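Here's the structure we're looking at; comments come further down.
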Amino acid sequence: MQRNLDIDLLRTLVAIADTGSFTAAADQVGRTQSAVSMQMKRLEEQIERPLFARDGRASALTSAGQDLLIYARRILRLQDAAVSSLMQPEMEGVARIGIPDDYVGVFMPPILARFAQSHPRVQVDLRCDTSDRLRDNILAGEIDLAVVTCGALTDESQPLKKESVVWAAPRDHRVEDEPVLPLALFASPCQVREATVTALDKMDRLHRIAYVSPSLMGLFAAVNAGLAMTTIGRSALAPGMRTLGEEDGFPALPDIALSLERTPRDRSAAVEALAEHIIESFRDESHDPRIQPKDFPERWRHTAAE
């Protein structure tokens, strides 16, 4: 027998996952806490499986709850897009976004493809630059949005993803055996570059920065030619590269974090729509609920948000 899941129940489930409690979710969906509890009981009856663990944490999802949450986000996104498309005039305008070169090819293609399907008349201006310069562009009003590696989270920040940093060497050349380690790195200022040099200095490993490029493809050219190794976010790792770890004599590097920064100026509907597409894409990519600022290490938090 075919069963239909209630959209309102799914929306409440997502609110509980995002806020971390039934009480906060009740405020978000405009219901009482008891009504939210009844909604979740009905949803459990519909799928005939428990959604919440009975371990004293009422908002802790079971494995079935985590699975349903992934589908719920997708269903709600499609439902909301359908309503928006049919009930509102077609959106127009320009959205200006910046992203570092090492992540544009990793994250932006699916985001732009989805956004073009739902908002075909919005023009997207895409700029690639370092995170520091993109933050300056945001403050100057030269772009509307930026996906950047975290400096400090502000009131306009939306945490997106924590990213591990790896040592990447060419597959067919053992450059790590050279007495002076050749490196291919981004130009300063760069968080990953600074962490790499600091780690090598601490282990008294002789090294030299042999290649500097503002482009990820420039770094990859040096690595793939067997001339140097580099350090990059794991998501940007390219085929044909080896990763090195502590068993190879290379220490773990600090994680980096990606956040979405918005201009503090007035933002158009087109800009807000693109921002939401970016946030949803990172949620789908990680299969995790929204990352909260409290989940980020202390050095990434803005003191005003504490």
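Readers should treat all values here as calculations from the given coordinates under stated rules, not as data from a laboratory. Just so it is clear, the structure is predicted and the values come from calculations on it, not from any experiment. Note: ideal-geometry Cβ built from the backbone for every residue, glycine included; neighbour counts use all protein chains shown.
Some notes on this structure:
- Structure-derived semi-axes √(5λ) of the Cα gyration tensor in Å: which label, when the choices are (i) 55, 26, 20; (ii) 40, 24, 18; (iii) 39, 20, 17: (ii)
- Taking the DSSP beta bridges with both ends in the chain, the antiparallel portion is around 55 percent.
- Given +1 at the Cβ of Lys and Arg, -1 at the Cβ of Asp and Glu and no other charges, the dipole of the chain around its Cα centre is 480 debye to the nearest 20.
- Where both bridge residues fall in segment 165-248, DSSP classifies roughly 55% of the beta bridges as antiparallel.
- Viscosity 0.692 mPa s, 37 °C: Kirkwood-radius Stokes-Einstein D of segment 35-76 over Cα pairs, µm²/s: 309 µm²/s
- Just checking the listed ones, Val29, Val166, Val271: in the Gaussian network model of the chain with Cα springs under 10 Å, the one fluctuating most is Val29.
- Of the DSSP H helices in the chain, those that are both long (alpha-carbon extent of 15 Å or more along the helix axis) and hydrophobic (Kyte-Doolittle mean at least 0.5) are 7-19.
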